[in-house]
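What follows is one structure encoded as structure tokens, with my remarks underneath.
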There are 2 protein chains.
Amino acid sequence: MTAQPIFEIAEDAGIDTSELLPYGRFVAKVPLESEPGDAPLVMVTAINPTPLGEGKTTTAIGLTQGLAEIGRRPILTLRQPSLGPTFGIKGGAAGAGKSQVLPTEIQNLHLTGDFHAVAAAHNLLAAMIDNHLHHGNELDIDPQSILWPRVLDVNDRVLRDIVVGLGGRPDGVPRQTSFDITAASEVMAVLALASGYDDLRARLGRIVVGSNRSGDPITADHLHAGGAMAVLMRDALMPNLMQTSAGNPVLIHAGPFGNIATGNSSVVADVAASRLGDIVVTESGFGADLGAERMVNVKSRQSGYAPSAAVVVATVRALKAHTGRYRIVPGRELPDELLAENPDAVREGCANLGHHLRTLRQWGVPVVVAINAFPEDHESEHRAIAEYAAEAGVACEISTHVVDGGPGAALLARAVVAAVEGNDTPGVVHRDYAADQPLTEKMEHVARNVYGAEGIDFTPAARQALERYTELGYGDLPVVIAKTHLSIPHDRAIDPEQPWRLPVREVRLAAGAGYVYALSGAISTMPGLSKHPRAERIDLVDGEIVGL
Amino acid sequence: MTAQPIFEIAEDAGIDTSELLPYGRFVAKVPLESEPGDAPLVMVTAINPTPLGEGKTTTAIGLTQGLAEIGRRPILTLRQPSLGPTFGIKGGAAGAGKSQVLPTEIQNLHLTGDFHAVAAAHNLLAAMIDNHLHHGNELDIDPQSILWPRVLDVNDRVLRDIVVGLGGRPDGVPRQTSFDITAASEVMAVLALASGYDDLRARLGRIVVGSNRSGDPITADHLHAGGAMAVLMRDALMPNLMQTSAGNPVLIHAGPFGNIATGNSSVVADVAASRLGDIVVTESGFGADLGAERMVNVKSRQSGYAPSAAVVVATVRALKAHTGRYRIVPGRELPDELLAENPDAVREGCANLGHHLRTLRQWGVPVVVAINAFPEDHESEHRAIAEYAAEAGVACEISTHVVDGGPGAALLARAVVAAVEGNDTPGVVHRDYAADQPLTEKMEHVARNVYGAEGIDFTPAARQALERYTELGYGDLPVVIAKTHLSIPHDRAIDPEQPWRLPVREVRLAAGAGYVYALSGAISTMPGLSKHPRAERIDLVDGEIVGL
């Protein structure tokens, strides 16, 4: 597959090219729009995935191609992949087979440098914090309170826990700190949630980096850093137009973490897309308990642009995995037993699918189940899923977009259009909480409604921090709960069918991004490399990229 | 001044636009050329500068505009400014007044992301080194031998001396290390010296990061990192076309440090420029003892493209400073006394100018002195310089390009064209040493011929390291001597008119970039921020950048 010049793609899709900013032949930045248009939004989410992922990105791409196949003028919004994992275990995240974003090597490398801009803005603030400590600490910042790491877009485990400022007086004040991967930066979440330049500037200035010795929050604007950060981020705020394998427009923008952040592409990308096509497809990260929940409760609250339908991607392998009968280790291949024909295991695993279907129904979002077909699947196993969906009263289609491209997703596309057209209240979702409820209650609502927990248990420190945030005026922010994506409960060992409670050991404030997040279980924000990372097999030969 | 669309600039300059890759409206990447064309190269260098700089960049821009003014088809090559200092003390480096690179905010910010690509490639290698230690250290790397820092393009003093890998076994092997600013990365020097994609790939693979416990060098290719690094650097190898205030083409590319690296724009930028215009202007960093010396002995050896004439920029304030009568402190304004009319002091300071004129003459490069006029200068002071130049038999012109743009540099441009036309052996320079001389001799030649030292003193460790490099096959590399740019000797307290010797305390190998460098005096490779850095005054207001 060869990419077409991006201006041709745009013209074919009926997009006004006069305002596009080219970045090479195959990418263009699109201007910001202030209000969403009329195109309905279709959110592609999934059951809880295996560590390998269930092809949600390929399905979103395939669906977009399928919608074009049946005569619609679709546009897709996706997150930008992180460089670190591209050179680590995972490899690129540009789709597969006949459902890719092209050119893959642009999407998987620097793209237009937005991630680098996030890192530059983030690290400038970090330098200005330590510079303030060095030059006398007029704001009386408590060094122990500083929760602003540095970031780099590389899997580098030795940066998880470091001591800086050694060497002597001219080299600053020593303290223990860390590096996160760029996708985990609050600046990335700001990029994903800002509605325009002024909002970007304001959010960056509101970032809280720690507190003074009286416990008052210290913001980026106290350090006079918000303006320079916004300048570094200005061009990054424009979404990046690329293309699917079939030449349909795709906006690639922002890449906030799926656990501690919103796990969705940006507000500005969705809003721009709503004016560039007649139907917008977007992918929400991980399962419906994570990315879709943040779309409903956080992102769409900000964008004013909520889904009119959802696709839940299910795979035979992941449903089997949810029976708990197989030993699945992140970073390893799936076990062979899991690949043997076993419709009963699939049926049993459908409990996970059923859970998410109920959640989406609660939100008032019509659903289509997409079976992302793999070559090793068996027909009986697909049938088991289809029967389960039929019993649940939900449309279900097999999609073969990886092998067949758009035509392989045409049935799915028709079902999605039917779901959108059958929605009497398009773009309206029933959120799990109101902004003015107490933070503890908001978290409890997510734990109960979305995860099906019996309740939520805060450590005393977490409860105290939430009270403090409320006193400080952050009580109206939405919430994000960071937990594993591999199961609905925070711990894969817990049976979600039995009563269980969600523990919150720590809470943190993302005042710039505009949410409070809870840590439920250990969340790594800096991956490591495996013994033989993919980087070892990537090369430049005669100026051409191989092995990416 | 408003920038014109870059494709219009290119067309006006007679550049074939079909091969240009646009990056926004005002920047385009130009394709690589394998051989230099016929356009003569004019190197803009200077006397030893004050900490404020003597307007070498503005003069190079002004001269380019002046050459267009007198009917030539000039093109300029410049280094890309570093982000760190832009937000630190120095501010942007895009010229001044009517001699700027436009749009300044693009040049001073991310441009096309080349610096970020350098950092990504550099830090991937760093992560792969520590990953190798973590996963059993099969290559038996001696952790104490590792001389590969990490890099970030931010002034962040607390990263000068750090300990990484704390936290426990899963978080890697603890060791002491550091961050440099991105401009100091050897990958940046590779970018500046590579002749094409294959050479880029080979140089990155040859980078030596340390040694095993038997003392054998460990390279990026031993770690299988060279290919992935080259992939990250691929697009960065294309120079970036921008424009002067007068709409003349400028290639902005690479930004290697002026002390430990080559301090010049890239080989590929010069070579591409030689085919895009009828005369090429390039700026060499710092004084003629640093940037011009590397152009003659290192860069042009690689590019096969040497200067046919040079401009030495002199200012009244810097010549006065070289009398040693004024107290000049880096980071502070120049003292008021220095601004009072004093042609005698200027005359006395001309010794510094005279030194560099003799060096350029030794190299066989015809010279024009450019007096970069400042508003606070006095006519008598300009006259003192002109008289000194006349006595030395060198052309000299006052240039008012900052105030007047191209017309203010037209006389300078005519003098430069005359110098080029008067050169019987254009593009031929007499280098200070041959490749096959011993490394110690090469360094001694630079110390004697270029600095005027009586000789060079190596510490035993430095001498031993040079012997080891020679045994390992690196003896044919050119050399770079890192010393202060503020005076000819390594120490500003030394009177260069009296006999003095150059001490070399340490030598290092840049096997990828392809030179051996000596440290003579303390060289900081990670700047810090001042108490109130410029970043504090930079802001984004209604989407527009202010204060940059």
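The values are calculated or read from the model by the stated rules, or taken from the named source; none is laboratory data. Computed from a prediction, not measured in an experiment: that's the story for all the values here. Methodologically, a virtual Cβ is constructed for each residue, glycine included, from the backbone with ideal geometry; neighbour enumeration extends over all protein chains shown. Surface areas here come from the heavy atoms of the whole protein model, side chains and all, with no ligands, DNA or RNA. Shrake-Rupley method; radii C 1.70, N 1.55, O 1.52, S 1.80 Å.
Things worth noting here:
- Rounded if a/c under 1.5, otherwise prolate or oblate - segment B:439-519, Cα gyration tensor axes: prolate
- In nm, spacing of pseudo-spin labels at B:Ala418 and B:His430 (7 Å Cα→C-beta vector): 2.4
- Across the identical copies, the label point of B:Glu333 (7 Å from Cα in the Cβ direction) is separated from its matches by 7.2 nm, in order from shortest.
- Computed FRET value (nearest 0.05) for A:Asp495 with A:Gln464, which takes r as the C-beta separation and R₀ as 30 Å: 0.40
- Summed buried accessible area for B+A [probe radius 1.4 Å, Å², rounded to 100]: 6100
- DSSP-loop trypsin sites (Lys or Arg not before Pro) across segment A:251-332, with at most 15 other Cβ within 10 angstrom: A:Arg325, A:Arg327, A:Arg332
- The residues of the protein assembly as shown expose, per residue, 34 Å² of accessible area to a 1.4 Å probe.
- For the residues A:Leu412, A:Leu509, A:Leu548, a 1.4 Å probe over the protein chains yields an accessible-area ranking, largest first, of A:Leu548, A:Leu509, A:Leu412.
- Spacing of the modelled spin labels on B:Val403 and A:Leu166, each 7 Å from Cα toward Cβ, amounts to 5.4 nm.
- Amide H contacts of B:Asn212 (H built 1.01 Å from N, under 5 Å, at least 5 apart or other chain): B:Asp142, B:Ile218
- Distance from the Cα centroid of segment A:365-407 to that of segment B:119-176 is 46 Å (rounded to whole angstrom).
- For segment A:323-345 versus segment A:94-109, the gap between their alpha-carbon centres in whole angstrom: 28
- For segment B:220-245, a drop of 20 Å² or more in accessible area on going from the chain alone to the assembled protein chains (1.4 Å probe) is found at B:His224, B:Gly227, B:Ala228, B:Val231, B:Leu232, B:Arg234.
- Count Lys and Arg as plus one, Asp and Glu as minus one, and take only other residues whose Cβ is under 14 Å from that of A:His135; the net charge is then -3.
- Between B:Arg25 and A:Asp12, the FRET efficiency from the beta-carbon distance, with R0 = 30 Å, is close to 0.85.
- Local electrostatic count at B:Met526 - Lys and Arg +1, Asp and Glu -1, tallied over other residues with Cβ under 13 Å: -3
- Cα→Cβ-extended label distance, 7 Å offset, between B:Asp336 and A:Phe374, nm: 7.9
- Copy-to-copy label separations for A:Asp495, where each label sits 7 Å from Cα toward Cβ, in nm and ascending: 9.3
- For segment A:255-268, 3J(HN,Hα) per residue [Karplus equation, 6.51 cos²θ - 1.76 cosθ + 1.60, θ = phi - 60°, Hz, x = Gly/Pro]: x, x, 3, x, 9, 7, 10, 8, x, 10, 5, 7, 4, 5
- Anisotropy class of segment A:382-430 from Cα gyration tensor, a/c 1.5 cut: oblate
- Copies compared at A:Gly71 - label distances in nm, ascending, label defined 7 Å from Cα in the Cβ direction: 6.7
- Hits among aspartates and glutamates - C-alpha to C-alpha of B:Lys98 under 12 Å, sequence gap 8 or more where chains match: B:Asp404
- Scanning residues 5 or more positions from A:Gln80 or on other chains, those with amide H under 5 Å from its amide H are A:His253, A:Ala254, A:Gly255, with H placed 1.01 Å from N in the peptide plane.
- Threshold 20 Å² - residues in segment A:523-540 whose accessible area is reduced by that much or more when the chain is no longer isolated, probe 1.4 Å: A:Leu529, A:Lys531, A:Ala535, A:Glu536, A:Ile538, A:Asp539, A:Leu540
- The B:Leu472 and A:Ser530 beta-carbon pair, evaluated with R₀ = 30 Å, returns a calculated FRET efficiency of approximately 0.45.
- Over chain A: helical MRE at 222 nm, DSSP H runs n ≥ 4 each giving -39500 (n - 2.57), nearest 500: -8500 deg cm²/dmol
- Bridging of A:Lys483 to lysines at a Cα separation below 19 Å is possible for A:Lys299, A:Lys442, once same-chain residues fewer than 8 apart are set aside.
- Of all aspartates and glutamates in the structure, those lying under 13 Å Cα to Cα from A:Lys56, and not within fewer than 8 positions of it along the same chain, are A:Glu283.
- Cα centroid separation, segment B:475-499 to segment B:256-281: 23 Å.
- Rolling a 1.4 angstrom probe over segment B:439-519 with all protein chains present gives an accessible area of which 46% lies on carbon and sulfur atoms.
- Local net charge near A:Ala120, Cβ-Cβ under 13 Å (Lys/Arg +1, Asp/Glu -1): -3
- Under-5 Å amide H pairs with B:Val369, H placed in peptide plane, nonlocal only: B:Val312, B:Ala395, B:Cys396, B:Glu397
- In the complete set of protein chains, residue-level accessible area for A:Thr50 is approximately 10 Å², probe 1.4 angstrom.
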